[in-house]
Amino acid sequence: QVQLVESGGGLVQPGGSLRLSCVASGIIFSRYAMGWYRQAPGKQRELVADIGIAGTINYADSVKGRFTTSRDNAKNTVYLQMNSLKPEDTAVYYCNVVRAPLYQWGRGTQVTVSS
């Protein structure tokens, strides 16, 4: 059974930073490109960053230059370092595979950017 468990969210002031983690189990992690998705209230879920098997990385324009994703295959973990956070980054953040059929979503981790 595949499990995706996100953590690291919280309440942060504009301009602050957070580091999210996602641990995947039940899959051969190193064989999948992984992505960070987010869903803000009333909006569709969107892909904000992804990292391929060989480490190729893509970012949505809205987070480029502020977010950094990385992975540790030995720990089955993907990370999202978020800097210079803005109120519009407020959302529930999820991880999942990319460029492959999605697995069941985890609970996500709430990120709230507010003063």
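What to note about this one:
- SER62-SER115 pseudo-label distance in nm [points 7 Å out on the Cα-to-Cβ vector]: 2.2 nm
- Test item: Cα-centred dipole of the chain, Lys/Arg +1 and Asp/Glu -1 on Cβ, debye: 100 debye
- Only Lys, Arg (+1) and Asp, Glu (-1) charged, at Cβ; the range 1-59 dipole about Cα centre in debye: 40 debye
- Among the protein heavy atoms of the range 51-113, carbon and sulfur supply 50% of the accessible surface, probe 1.4 Å, non-protein parts ignored.
- The modelled label-to-label distance for the pair LYS43/SER70, using points 7 Å beyond Cα in the direction of Cβ, is 2.7 nm.
- Once the chain from ILE28 to ILE53 is taken as fully extended at 0.36 nm per residue, the excess over their C-alpha distance is 7.9 nm.
- Average accessible surface area per residue within the range 1-75, 1.4 Å rolling probe, Å²: 56 Å²
The values are calculated or read from the model by the stated rules, or taken from the named source; none is laboratory data. Owing to the predicted nature of the structure, the values given are computational and were not obtained by experimental measurement. Reconstructed Cβ throughout: ideal geometry from the backbone, glycine too, with neighbour counts over all protein chains shown. Areas reflect the complete protein model, heavy atoms only, side chains present, ligands, DNA and RNA absent. Shrake-Rupley method; radii C 1.70, N 1.55, O 1.52, S 1.80 Å.
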